[in-house]
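Just below is one structure, and these are the notes that go with it.
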Amino acid sequence: MVISANRATAAGLQLHLRGVGVTAKILLSLQPKAMVPLVTTVLVLFPDDFDLDAVLGRISALRANRPWLLIILVTLAPQRFEVAILPDGHSVAPVVLPKPSFGWTIVDAIRAHALFEAG
């Protein structure tokens, strides 16, 4: 799942992910009605597109309700998310990538997580 308010950013990443065999859907909103399907295993979020409090709340809720979900944040200001990525003992800690991050960097983060989980 890719969440970005910028359709071009989301579509570009979706195209890259599909090119490496990863199915990806797009959400252009953080609103509660914009659901992340339960089968989602990775969420790539471009948090700079949204209100900080809304992003932190969404991350917290997802970590509490879906501890297996890998959340990747692509941001110009990684320090704003230090609290959101702290290990909590029951969920996967989010990964923060500096913006700009290219599609292959995001794919590498996904693969690294998969290898860690498998190992």
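The values are calculated or read from the model by the stated rules, or taken from the named source; none is laboratory data. Given the structure is predicted, the values throughout are model-derived calculations rather than measurements. For neighbour counting, all protein chains shown are included, and Cβ atoms are generated from backbone atoms with ideal geometry for every residue, glycine included. Just the protein is used for accessible areas: all its heavy atoms, side chains included, with ligands, DNA and RNA removed. Shrake-Rupley method; radii C 1.70, N 1.55, O 1.52, S 1.80 Å.
List pairs: first in the stretch 73-95 and farther than 14 Å from residue 53 by Cα, second part of a loop (DSSP other than H, G, I, E, B) and of a type in the set (Val, Ile, Thr), Cβ under 8 Å, 6+ apart or cross-chain?
73/85; 93/85; 94/85; 95/85
From the residues in the stretch 57-76 that are out of contact with any Ser or Thr (no Cβ under 7 Å at 6 or more places or on another chain) and at pLDDT 95 or above, which one is farthest from residue 104 (Cα to Cα)?
76
How many of the residues making up the stretch 59-83 are open to solvent by 20 Å² or more (accessible area, probe 1.4 Å), in a helix (DSSP H, G or I) and more than 17 Å from residue 39 (Cα to Cα)?
Total satisfying the criteria: 4.
Would you confirm whether any residue within the stretch 17-29 is more than 13 Å from the chain's Cα centre (by Cα) and on the phi > 0 side of the Ramachandran plot?
yes
So which of 9, 105 is among the hydroxyl-bearing types (Ser, Thr, Tyr), in contact with a Phe, Trp or Tyr (Cβ under 9 Å, 6 or more places away or on another chain) and at pLDDT 90 or above?
The match here is 9.
Take residue 30 and tell me if it is at pLDDT below 95 and open to solvent by less than 40 Å² (accessible area, probe 1.4 Å).
Considered against the rule, which asks whether it is at pLDDT below 95 and open to solvent by less than 40 Å² (accessible area, probe 1.4 Å), residue 30 comes out as yes.
Of the residues in the stretch 84-117, how many are assigned to a helix (DSSP H, G or I) and of a type outside the set (A, V, I, L, M, F, W, C)?
Number of matching residues: 6.
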